[in-house]
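Step one of this worksheet: look at the structure below.
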Amino acid sequence: MKEEIRCGGCRALLFKCETNAVAGAIEIKCRRCRQINQLRPMSPSPSAVRAASGE
């Protein structure tokens, strides 16, 4: 199932992706209103969890 990612300022469609496709932080500029949108994954990646726990 594809998820629509929209601008926080003007609600323009920025891109579509599979659910949980974003693995790291993304910064994208809206072509319509020029606002910088910062996106982060909902849950941390497994490698980040291992690094934080010292494994």
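Can you list residue pairs whose Cβ atoms sit under 7 Å apart, with the first residue in the stretch 5-18 being more than 10 Å from C33 (Cβ to Cβ) and the second being of a type in the set (A, V, I, L, M) and assigned to a loop (DSSP other than H, G, I, E, B)? Count only pairs 6 or more apart in sequence or on different chains.
R6/A12
Quick one: R31 ticks every box in (1) at pLDDT below 80; (2) assigned to a loop (DSSP other than H, G, I, E, B); (3) not hydrophobic (A, V, I, L, M, F, W, C) bar one, so which box is it?
Looking at each condition in turn, R31 falls short on (1).
Taking the stretch 34-53 only, how many residues are small (G, A, S) and at pLDDT 85 or above?
Matching residues across the stretch 34-53 total 0.
The values are calculated or read from the model by the stated rules, or taken from the named source; none is laboratory data. Bear in mind the structure is a predicted one, so any value in this text is a computation, not a measurement. All Cβ positions, even for glycine, are placed from backbone atoms using ideal geometry, and neighbour counts span all protein chains on display.
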